[in-house]
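**Student:** Before I ask anything, let me first share the structure, which is written out below as structure tokens.
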Amino acid sequence: MQPRLEWKMSLSERIATETLARLLNAGGVQARAPRIDAFLRALGLGDSELGVTSGRLTSAQVLSEVPALDGRRIDLKFLWQDARDRERTLVVEAKFDHVVTDGQLRCYRDSTRNDHPKAVRHHLILALDEDAMLPVNRRDDGHWRFCSWRDLWLRFETARPVEYDLSLQLFLHALWRRIGQLNSKDAHAPL
């Protein structure tokens, strides 16, 4: 029932991740913490990975296009303190149409290890389908989880707090159309 943007353009990975970071960080701590919590859980992190109980991510930050080693950029980086006051970080490599390049994930893993040496670190690939994991599984890039954009969207939409943020609603609608909606056979066509 949300207004539809009838633009002749498609969300790029960079625009999607930058907008996600901005929208997740928006508002005061009372709005941000449950929104970020719902998003991290939609990515597949549970209480043990988060180190906190539901809705307790008051210290969480979401960053996009974070500089990494050798000039690359991390798509999304989540930082928070767990219940035992340990730093935690999640690095998300987002993919729509591109593939993971050789050395890319190792670079992100090493950058995060350098920037947050004592942190509990998690790594995730967010892509349209699990084929994005094929090159990762063939190389020694460390342990990277997979989450599909569709699964993320569906879980986030059902878990996020009720709020009336038109920007978030319009963005989620555009993202839904970009990722092919419910049809996994769609060519993930632009709006």
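**Student:** Counting residues in region 54-161 as N, plug N into 2.2 N^0.38 Å and put the Cα Rg over that result.
**Tutor:** Values: Rg = 14.2 Å, N = 108, 2.2 N^0.38 = 13.0 Å.
Against the compact-globule rule of thumb, the ratio is 1.09.
**Student:** May I pose another question? How large is the charge dipole for region 13-179, taken about the Cα centre, if only the Cβ atoms of Lys, Arg (+1) and Asp, Glu (-1) carry charge, to the nearest 20 debye? Provide the component values of the computation, followed by the final result.
**Tutor:** Values: 26 positive and 25 negative charges, 54 e Å.
I would put it at about 260 debye.
**Student:** How much of the DSSP beta bridge set in region 13-179 is antiparallel, as a percent to the nearest 5? It would help to have the intermediate numbers written out before the result.
**Tutor:** Working: 12 of 23 bridges.
Counting only bridges with both partners in region 13-179, antiparallel ones make up about 50 percent.
**Student:** Okay, moving on. Using only Cα atoms, what is the ratio of the radius of gyration of the chain to 2.2 N^0.38 Å? Kindly include the intermediate steps, with their values, before the conclusion.
**Tutor:** Values: Rg = 16.2 Å, N = 191, 2.2 N^0.38 = 16.2 Å.
This ratio for the chain stands at 1.00.
**Student:** Could you size up the charge dipole of region 43-142 around its Cα centre, putting +1 on the beta carbon of Lys and Arg and -1 on that of Asp and Glu, and report it in debye to the nearest 20? Don't jump to the answer; show the numbers that get you there.
**Tutor:** On the way: 15 positive and 18 negative charges, 83 e Å.
Dipole magnitude for region 43-142 comes out near 400 debye.
**Student:** To continue, here is another question. Between the DSSP loop rule and a limit of at most 10 other Cβ atoms within 10 Å, which trypsin sites (Lys or Arg not before Pro) in region 70-155 are left? Present the calculation step by step, with values, prior to reporting the outcome.
**Tutor:** Numbers: sites: 72, 73, 77, 84, 86, 88, 95, 106, 109, 113, 118, 121, 138, 139, 145, 150, 155; in loops: 72, 84, 86, 95, 118, 139.
Here the trypsin sites (Lys or Arg not before Pro) that fit, given the DSSP loop and packing criteria, are 84, 118.
**Student:** Over region 13-179, average the accessible area per residue using a 1.4 Å probe and give it in Å², no decimals. Could the numbers behind the result be given before it?
**Tutor:** Details: 7700 Å² over 167 residues.
Each residue of region 13-179 exposes 46 Å² on average to a 1.4 Å probe.
The values are calculated or read from the model by the stated rules, or taken from the named source; none is laboratory data. Everything quoted here is computed from the prediction, not taken from an experiment. Methodologically, a virtual Cβ is constructed for each residue, glycine included, from the backbone with ideal geometry; neighbour enumeration extends over all protein chains shown. The protein model used for the area step is the full one, side chains on, heavy atoms only, and it has no ligands, DNA or RNA in it. Shrake-Rupley method; radii C 1.70, N 1.55, O 1.52, S 1.80 Å.
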